[in-house]
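Presented below is the structure to which this report refers.
FYI, it's all coordinate maths here, none of it is from the lab. In this text, all values refer to a predicted model and were calculated from it rather than measured experimentally. Every residue, glycine among them, receives a Cβ derived from its backbone with ideal geometry; neighbour counts consider all protein chains shown.
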Amino acid sequence: MDVKDKSIDQLLADLNAKDAPQKDEKVVYGVYDSQKQSFWVRINDFLVDRSKVNMKEKSYFFHLLAVMLDAGIPILKALKILTNKVESQHFRRVINTLAYDVEHGKKLSDAMSKFPDVFTEAEVGVVKSGESIGNLEKMLFKLSVQIERMYALYLKVKGAMIYPITVLVALIAAMWIIMTMVIPKLEDFFLESDIALPWITVAVLTISRFLADYWWFVLILVLLSFAFWSFYVGTKMGRLRWDRFKLNMPIFGELIRKALLSRIVRLLGVLMHAGIPINKTLEILAGTSGNELYRIKLLDIKKSVEQGEKVSDNMAQVPFLFPETVTQMLEIGEQSASLAMASEKVADHYEMEVDHSLRNMTTILEPFIIIVVGFAVAVVALAILGPIFSLSDVV
């Protein structure tokens with residue numbers, strides 16, 4: 001039975017049936033002073049306050065809050081019920097602060113806006129719209145569904161990437177061990193044998209000797225490269241070039257574009273359903289797009305729309321970012337005054353496209369990974385077995 005269809009008694013029973021939460025001081029950000037606590041408590045607070053709140057917990061929070069509001073429970077009581085019903089200690093403190101602010105006369109949306117690291121501008125905008133039209137529970141239901149779908153899409157992409165990344169990391173670790181521990185011991189044997197070594201063996205021995213003697217230099221080089229890359233990506237131009245590179249990557253680029261499009265048009269539908277003006281909607285989409293190219297273009301579209309132009313016409317100017325499928329569906333939605341519905345259909349379509357792309361990517365990556373692993377094993381095997389065979393011929 002769906003949670004929405006349960007009676008309020010059943011809902012409260014389900015909530016109370018959960019394991020009792022860990023003992024936690026009623027932390028209210030802005031009121032709670034961690035400086036008065038012990039050193040270890042301050043360290044714990046530092047770590048807790050910087051932990052991330054995942055989309056699954058936010059979806060759960062918005063859905064249950066919507067259910068309780070729909071059942072007639074006052075928002076303050078609903079927030080207090082939910083305060084200790086989430087796993088994340090950071091989120092528990094955030095919800096407790098929301099309850100405190102609402103109790104002291106603030107709107108939920110205003111209280112949420114204090115936590116931009118937890119609640120996006122889009123989520124705050126949807127809640128604010130629900131408050132203004134007097135139908136907050138409906139907007140919360142839509143918001144929870146949106147976040148849940150985004151989270152499901154994230155898990156699909158993450159799951160598809162775990163296998164190749166795990167294999168490559170394991171391969172690098174294995175090659176490092178072989179190069180720094182196994183090959184150096186064989187080098188003495190080869191030198192004592194006084195045989196001519198094949199070029200591939202000489203190359204492997206040289207690399208092995210370098211890694212064994214200068215592993216610290218390699219480590220420093222890797223760390224410096226990572227620091228430089230992080231700094232460069234943090235700049236405006238670096239971020240733009242990195243985001244453009246991601247969209248143009250073979251195999252992965254198309255998948256990233258489809259995932260971004262699915263999220264953008266899904267959020268467009270939610271914001272339009274919430275009654276947020278199209279120019280404000282485009283501004284929110286730009287801030288939550290997750291890609292600099294999409295952010296810049298969406299802000300350009302916002303300016304054009306404020307001058308009376310259509311969203312679909314401006315999107316059609318950049319088919320690389322917004323394919324014809326998207327622009328045509330949105331054009332139909334604009335003509336029939338059902339842009340929100342058209343956006344949801346486009347989002348459904350691109351979620352299916354992401355599933356299809358993930359299956360294709362997995363099919364392509366598996367043989368590629370096998371080839372990479374096989375090549376690495378073949379190089380090491382030839383480097384080791386070549387001199388051994390030569391020695392057996394001499395004997």
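Of note:
- Tyr154/Val218 FRET efficiency (R0 41 Å; Cβ-Cβ; nearest 0.05): 0.80
- The residue list Val373, Ser336, Thr97 was ranked by how far each Cα lies along the charge dipole of the chain toward its positive end, using unit charges on Cβ atoms, and Thr97 comes out on top.
- Rg and Dmax of the chain, Cα atoms only, in Å: 28.0, 92
- For the stretch 127-203, the residue among Ala160, Ala203, Ile172 whose Cα projects farthest onto the positive side of the dipole built from Cβ charges is Ala160.
- Placing R0 at 45 angstrom, the Cβ-Cβ distance between Phe231 and Leu191 gives a FRET efficiency of 0.50 after rounding to 0.05.
- Restricting the stretch 76-138 to GluC sites (Glu not before Pro) in coil, as DSSP defines it, with at most 14 other Cβ within 10 Å: Glu87
- Spacing of the two label points (7 Å from each Cα toward its C-beta) at Met181 and Lys107, in nm: 6.2 nm
- Normalised by the number of residues in the stretch 147-395, the average gap of Cα pairs under 8 Å and 6 or more apart makes the relative contact order 26 percent.
- Length available on full extension from Asn360 to Ser132: 0.36 nm per residue minus the Cα-Cα distance, which gives 77.6 nm.
- The GNM of the chain, with springs linking C-alpha atoms under 10 angstrom apart, assigns the highest mean-square fluctuation among Thr83, Thr288, Thr325 to Thr325.
- Order of Glu254, Glu351 - criterion: other Cβ atoms within 10 Å of each residue's Cβ, fewest first: Glu254, Glu351
- Projecting the Cα atoms of Ile73, Ile278, Asn84 onto the dipole axis of the chain, where Lys and Arg carry +1 and Asp and Glu carry -1 at the beta carbon, places Ile73 farthest toward the positive end.
- For the stretch 143-275: rounded, prolate or oblate by the Cα gyration tensor [a/c cutoff 1.5]: prolate
- Intensity falloff of the stretch 37-89 expressed as log10 I(q)/I(0), Debye formula with alpha-carbon point scatterers, at q = 0.22, 0.26 Å⁻¹: -0.83, -0.96
- If R0 is taken as 30 Å, the Cβ-Cβ distance between Glu87 and Val145 corresponds to a FRET efficiency of 0.90.
- Applying the Kirkwood pairwise sum to the alpha-carbon positions of the stretch 263-375 produces a hydrodynamic radius of 15.3 angstrom.
- Taking a ≥ b ≥ c as the square roots of the eigenvalues of the alpha carbon gyration tensor, the stretch 228-271 is oblate, as a/c is not under 1.5 and a/b does not beat b/c.
- Helix-only [θ]222 nm of the chain, DSSP H runs n ≥ 4, -39500 (n - 2.57) each, per residue, nearest 500: -25500 deg cm²/dmol
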